[in-house]
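Have a look at the structure below, then the notes.
The values are calculated or read from the model by the stated rules, or taken from the named source; none is laboratory data. If you're wondering where the values come from, they're calculated on a predicted model, not measured in any experiment. Here the Cβ positions follow ideal geometry from the backbone for every residue, glycine too, while neighbour counts run over all protein chains shown.
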Amino acid sequence: MANHPSALKRARQNEDRRQRNKTVKTRVKNVVKSVRQAVDQQSPEIADSLVAAQATIDKAAKKRVLHRRTASRKISRLAKRINKASATK
């Protein structure tokens, strides 16, 4: 465990950031899951769920919780999945 005051402060800051990042990552996972379920069930609100997912993922990238390329890749794969599902209708 840290002994110096500066190291103790750094440990506190790291824990705060970890908790904040955990919340954002969980939100991203849930929104991706909801889009996938909407696609699997052929739900009529697929496009709305994609827009919501895209906004959530972009916010996570903006906060640097996700890398921008990771965020872009996630959005791209979701859009690809939706387009594939709508083409097979």
Residues in region 35-57 that are closer than 25 Å to Thr23 by Cα and hydroxyl-bearing (Ser, Thr, Tyr) total 2
Identify all residues within region 1-31 that are under 15 Å from Ala61 (Cα atoms) and hydrophobic (A, V, I, L, M, F, W, C); write none if there are none.
Val24, Val28, Val31
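Report the residue count in region 46-89 for those that are β-branched (Val, Ile, Thr) and surrounded by fewer than 15 Cβ atoms within 10 Å (Cβ to Cβ). Explain how you work it out, then say what you get.
First, pick out the residues of region 46-89 that are β-branched (Val, Ile, Thr): 46, 51, 56-57, 65, 70, 75, 82, 88.
Then keep just the ones that are surrounded by fewer than 15 Cβ atoms within 10 Å (Cβ to Cβ); that gives 51, 70, 88.
Residues in region 46-89 being β-branched (Val, Ile, Thr) and surrounded by fewer than 15 Cβ atoms within 10 Å (Cβ to Cβ): 3 in total.
Please determine, by comparing only the residues of region 1-48 that are outside any helix (DSSP H, G or I) and small (Gly, Ala, Ser), which one is farthest from Lys80 (Cα to Cα).
Of the residues in region 1-48, the ones outside any helix (DSSP H, G or I) are 1-4, 41-45.
Right, trim to small (Gly, Ala, Ser) and you get 2, 43.
On the way: Ala2: 47, Ser43: 16 Å.
In this case the residue turns out to be Ala2.
Taking region 58-70, which residues are among the aliphatic types (A, V, I, L, M) and farther than 20 Å from Arg18 by Cβ?
Our first condition is that a residue be among the aliphatic types (A, V, I, L, M); within region 58-70, this holds for 60-61, 65-66.
Result: no residue meets the conditions.
Search region 49-89 for residues being outside any helix (DSSP H, G or I) and among the β-branched types (Val, Ile, Thr), and hand back the single one that is modelled with the lowest pLDDT.
Step by step, filter region 49-89, then rank; the result is Thr88.
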Considering residues that are touching a residue at least 24 places away in the same chain (Cβ under 8 Å) and under 15 Å from Asp40 (Cβ atoms), the number found within region 50-89 is 8
For region 23-45, which residues satisfy the criterion of being surrounded by 12 or more Cβ atoms within 10 Å (Cβ to Cβ), over 17 Å from the mean Cα position of the chain (by Cα) and in contact (Cβ under 8 Å) with a residue 40 or more places away in the chain?
Val39
Identify the residue in region 1-22 that is surrounded by 12 or more Cβ atoms within 10 Å (Cβ to Cβ) and closer than 23 Å to Arg73 by Cα and, among all such residues, is nearest to the chain's Cα centre (by Cα).
Asn21
Being touching a Ser or Thr at 6+ places or on another chain (Cβ under 8 Å) and modelled with pLDDT of 95 or more is the requirement here; does Val24 meet it?
no
